[in-house]
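Report on the structure given below.
The values are calculated or read from the model by the stated rules, or taken from the named source; none is laboratory data. Computed from a predicted structure; not experimentally measured. In this analysis, Cβ positions are derived from the backbone assuming ideal geometry, glycine residues included, and neighbour counts consider all displayed protein chains.
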Amino acid sequence: MSNIRSAFANGKAFIPFITCGDPDLETTAKIVRAAAENGADLIELGIPFSDPTAEGPVIQGANIRALAAGVTTDKVFELVKELRRDVKIPFVFMTYANVVFSYDAERFMARCCEAGVDGIILPDLPYEEKDEFADVAKQYGVDLISMIAPTSEDRVAMIAKEASGFIYVVSSLGVTGERAEITTNIGELVELVRRNTDVPCAVGFGISKPEQAKAMAELSDGAIVGSAIIKLLEKYGREAAPYVGEFVKEMKNAVVSE
């Protein structure tokens, strides 16, 4: 069984997103540990990229700060290896196809396996082109996470049938970022996914408040939050870990409450 499935084994999952190296890798390590200690079931680790097309201004800013601080893909792999000494929950990379392609896909997946990364999300990788990375990812035991959006329509069943790890359900059109409300019919989208696979699905994009996380988790298997966490890093910088820990605890309590 995929290690990622363990994140959903005990009920609804809360999944925080963190950009590695914002403001520095030492702070990222503290944030990851604080999130894990306060109930995160899986953590998405963003590898900084100069053109993160799926991201709104908040996460774009985190990418810019991390790159300016000298963060590289190699340094992120070293960070994960260090974290794996004591953090046991699944890790999933969130980055872009060009990062993996330029690193060399086989070398990248081999290092994921070596470092203890369980999966990877490539938001700019079309379903029709996923085979370029899917086979080598599978070879090294790395789940290539599928994304399903409101615009996926008749492709949802096809994507779901070939999914591994978990399915990232995009709640809204556009880029990442907080939204006052989520109007997409997530329940209908998730129901279509569930008719075609037993792979868990979690909802992301636009979730920033406990009540939103609770609502999305009631319709799916979990909730993903990124921009709200990056805003805490913007506000508190190197002192952000305890604030992120409290936020994660609050969100985790929201998704598991009846």
Review point. Somewhere in region 117-140, is a residue over 26 Å from Asn196 (Cα atoms), at pLDDT 90 or above and either over 20 Å from the mean Cα position of the chain (by Cα) or not aromatic (Phe, Trp, Tyr) (or both)?
Key: yes
Check your understanding: When both residues are 6+ apart or on different chains and their Cβ atoms are under 8 Å apart, which pairs have a first residue that lies in region 232-252 and is touching a residue at least 60 places away in the same chain (Cβ under 8 Å) and in a helix (DSSP H, G or I), and a second that is among the aromatic types (Phe, Trp, Tyr) and surrounded by 15 or more Cβ atoms within 10 Å (Cβ to Cβ)?
Key -> Val248/Phe14; Met251/Phe14; Lys252/Phe14
Exercise for review: Take the residues in region 226-258 that are among the small types (Gly, Ala, Ser) and closer than 19 Å to Ala7 by Cα, then tell me which one is surrounded by the fewest Cβ atoms within 10 Å (Cβ to Cβ).
Suggested key: Ser257
Study note, to complete from the structure: Among Ala223, Ala213, the single one that is part of a strand (DSSP E or B), in contact (Cβ under 8 Å) with a residue 12 or more places away in the chain and within 20 Å of Arg5 (Cα to Cα) is Ala223
Study note, to complete from the structure: Taking region 19-42 and keeping residues aliphatic (A, V, I, L, M) and surrounded by fewer than 24 Cβ atoms within 10 Å (Cβ to Cβ) leaves Leu25, Ala29, Ala34, Ala36
Exercise for review: Exactly one condition in (1) crowded, with 20+ Cβ neighbours inside 10 Å; (2) in contact with a strand residue (DSSP E or B) (Cβ under 8 Å, 6 or more places away or on another chain); (3) within 28 Å of Lys130 (Cβ to Cβ); (4) modelled with pLDDT of 95 or more is not met by Ile89; state its number.
Suggested key: (1)
Check your understanding: Taking region 51-91 as the search range and keeping residues that are in a loop (DSSP other than H, G, I, E, B) and basic (Lys, Arg), which one is farthest from Glu26 (Cα to Cα)?
Key -> Lys88
Practice item. Can you work out which of the residues in region 141-157 that are in contact with a helix residue (DSSP H, G or I) (Cβ under 7 Å, 6 or more places away or on another chain) and farther than 17 Å from Pro123 by Cβ is modelled with the highest pLDDT? Key: Gly141
